[in-house]
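Working notes, beginning with the structure itself.
The values are calculated or read from the model by the stated rules, or taken from the named source; none is laboratory data. This structure is a prediction, so every number in the text was calculated from the model and none was measured. So basically every Cβ, Gly included, is an ideal-geometry build from the backbone, and we count neighbours across all protein chains shown. Protein only, heavy atoms only, side chains kept; ligands, DNA and RNA dropped before computing areas. Shrake-Rupley method; radii C 1.70, N 1.55, O 1.52, S 1.80 Å.
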Amino acid sequence: MKKRVYSAMRPTGELHIGHYFGAVKNWIKMQEEYDCFFAVADWHALTTNYDNPENIKEMRRQMVLSWLAAGLDVEKAPIFIQSHNLYTAELYLLLGMFTPVSWLERCPSYKDMINTLSHKDLSNYGFLGYPVLMTADIIMYLANLVPVGIDQVPHVELAREIVRRFNNFYGEIFVEPESMLTNVPKLPGLDGRKMSKSLNNTILLTEDADIIEKKIKTMITDTKRQRKTDAGDPNVCPVFDYHKVFSTDEERAKIIEGCTKAEIGCIECKKILINNVENFICPIREKKKVLDKEIQNIDEFLAPSQKKANDFAAILMEKVRKAIKI
């Protein structure tokens with residue numbers, strides 16, 4: 001039997017290239033090799049955006065359309081909406097009954113996000129307890145593997161602890177999930193900082209060609225290289241990080257030699273990148289335009305997938321209730 005994979009993403013609207021190479025590219029491969037469940041984590045979005053939920057419905061629609069345009073296939077793996085499976089909320093409640101608060105407070109990302117989002121009031125219970133909700137998401141589908149970056153490993157470890165605690169109290173029902181570390185290329189934002197829509201330093205998966213050109217032309221390069229005659233260092237240049245993802249080995253070799261020997265300038269280097277990024281994005285952009293017209297109601301489109309997820313959860317929750325004797 002294939003191992004089962006669970007993964008999810010908060011609804012952020014249209015995806016940027018960081019989302020693609022950080023998660024979706026791996027999901028497309030996984031749907032061929034594993035038994036996968038992919039979820040739109042809209043309840044998770046409320047943990048930090050509880051005061052501004054107006055756009056969540058449209059953002060989840062745009063995100064799913066981007067997934068489909070990039071290559072995810074509901075016939076190969078269910079794609080469903082977290083909030084449309086109320087069994088998840090029930091399991092989240094039950095897990096919260098015995099999860100120690102100290103386990104949640106020690107999560108590294110809990111402290112990091114409080115510092116990062118210092119402008120928001122994150123003293124809410126939902127934010128503190130989101131690792132428990134994440135655990136409910138994962139173990140509801142008896143997932144063996146959870147694809148994560150290294151910064152998310154503590155969350156999966158916490159999920160394992162919660163599973164052990166449940167199974168110790170009530171019997172062996174849940175599977176201990178394992179982190180599935182994925183190879184994620186370094187892809188900084190256009191300004192060299194972390195790629196984020198809030199920082200306005202992204203390239204969307206559906207970006208128009210003229211916008212791609214404009215954005216890449218404004219990217220920062222090796223700050224020590226002031227003129228074309230100055231030798232550059234690709235290792236400290238954000239543009240070259242993009243070449244590692246979008247350009248061929250031959251092109252990268254040409255750029256390294258030309259940059260370090262001051263034989264090509266940054267404009268020529270960026271022109272190569274502009275062409276390669278457009279060639280990559282164009283088919284995704286055009287596919288999404290078609291899907292945008294064909295799929296007006298994303299909930300209706302996902303209904304068969306949603307039913308698969310909900311039916312699986314319903315059977316499992318019967319076992320959970322019986323084990324807890326409620």
Q) Name the residues in the stretch 278-311 that are closer than 24 Å to ILE17 by Cα, of a type in the set (D, E, K, R) and over 23 Å from the mean Cα position of the chain (by Cα), would you? A) LYS293, GLU294
Q. Which of (1) crowded, with 19+ Cβ neighbours inside 10 Å; (2) in contact with a Leu (Cβ under 6 Å, 6 or more places away or on another chain) does LEU291 not meet, given it meets every other one?
A. (1)
Q) What number of residues in the stretch 36-56 are at pLDDT 90 or above and open to solvent by 50 Å² or more (accessible area, probe 1.4 Å)? A) 1
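Table: residues versus (1) under 30 Å from GLY13 (Cβ atoms); (2) part of a helix (DSSP H, G or I); (3) open to solvent by 70 Å² or more (accessible area, probe 1.4 Å).
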| site | (1), (2), (3) |
| --- | --- |
| GLU207 | yes, no, no |
| GLU213 | yes, yes, yes |
| LYS228 | no, no, yes |
| VAL239 | yes, yes, no |
| HIS243 | yes, yes, no |
| GLU257 | no, yes, yes |
Q | Residue in the stretch 132-159 that is least open to solvent (accessible area, probe 1.4 Å), counting only those that are over 19 Å from ALA39 (Cα atoms) and free of Cβ contacts under 8 Å to residues at least 40 places away in the same chain | A | GLU157
Q | Filter result (open to solvent by 70 Å² or more (accessible area, probe 1.4 Å), farther than 26 Å from SER66 by Cα and either polar (S, T, N, Q) or in contact with a Ser or Thr (Cβ under 7 Å, 6 or more places away or on another chain) (or both)) within the stretch 262-281 | A | none
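Which members of the stretch 6-22 meet the condition of being in a helix (DSSP H, G or I), in contact with a strand residue (DSSP E or B) (Cβ under 8 Å, 6 or more places away or on another chain) and open to solvent by 20 Å² or more (accessible area, probe 1.4 Å)?
We begin by selecting, within the stretch 6-22, every residue in a helix (DSSP H, G or I); these are 17-22.
From what is left, the residues that are in contact with a strand residue (DSSP E or B) (Cβ under 8 Å, 6 or more places away or on another chain) are 17, 19.
HIS19 - this is the single residue of the stretch 6-22 that is in a helix (DSSP H, G or I), in contact with a strand residue (DSSP E or B) (Cβ under 8 Å, 6 or more places away or on another chain) and open to solvent by 20 Å² or more (accessible area, probe 1.4 Å).
Mind checking whether some residue in the stretch 295-305 is under 28 Å from GLU75 (Cα atoms), β-branched (Val, Ile, Thr) and open to solvent by less than 20 Å² (accessible area, probe 1.4 Å)?
Of the stretch 295-305, the ones under 28 Å from GLU75 (Cα atoms) are 295-305.
From what's left, β-branched (Val, Ile, Thr): 295, 298.
After this cut, where a residue has to be open to solvent by less than 20 Å² (accessible area, probe 1.4 Å) as well, the list is 295, 298.
Yes, the stretch 295-305 contains at least one residue that is under 28 Å from GLU75 (Cα atoms), β-branched (Val, Ile, Thr) and open to solvent by less than 20 Å² (accessible area, probe 1.4 Å).
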Q) With (1) part of a helix (DSSP H, G or I); (2) open to solvent by 50 Å² or more (accessible area, probe 1.4 Å); (3) closer than 28 Å to GLY189 by Cβ as the list, and LYS308 as the residue in question, which single condition is left unmet? A) (3)
Q) Does the stretch 169-181 include one or more residues that are assigned to a helix (DSSP H, G or I), aromatic (Phe, Trp, Tyr) and either closer than 18 Å to ASN26 by Cα or open to solvent by 10 Å² or more (accessible area, probe 1.4 Å) (or both)? A) yes
Q. Taking the condition of a type outside the set (Phe, Trp, Tyr), within 18 Å of GLU294 (Cα to Cα) and part of a helix (DSSP H, G or I), does MET59 pass?
A. yes
Q: Quick one: which residue in VAL184, VAL163 is open to solvent by 50 Å² or more (accessible area, probe 1.4 Å), under 30 Å from ARG106 (Cβ atoms) and either not in a helix (DSSP H, G or I) or not basic (Lys, Arg) (or both)?
A: VAL184
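Which one of GLY189, GLY129 is open to solvent by less than 30 Å² (accessible area, probe 1.4 Å), at pLDDT below 90 and of a type outside the set (A, V, I, L, M, F, W, C)? Explain how you work it out, then say what you get.
On the way: GLY189 fails: at pLDDT below 90.
Step by step, each of GLY189, GLY129 is checked, and only GLY129 is open to solvent by less than 30 Å² (accessible area, probe 1.4 Å), at pLDDT below 90 and of a type outside the set (A, V, I, L, M, F, W, C).
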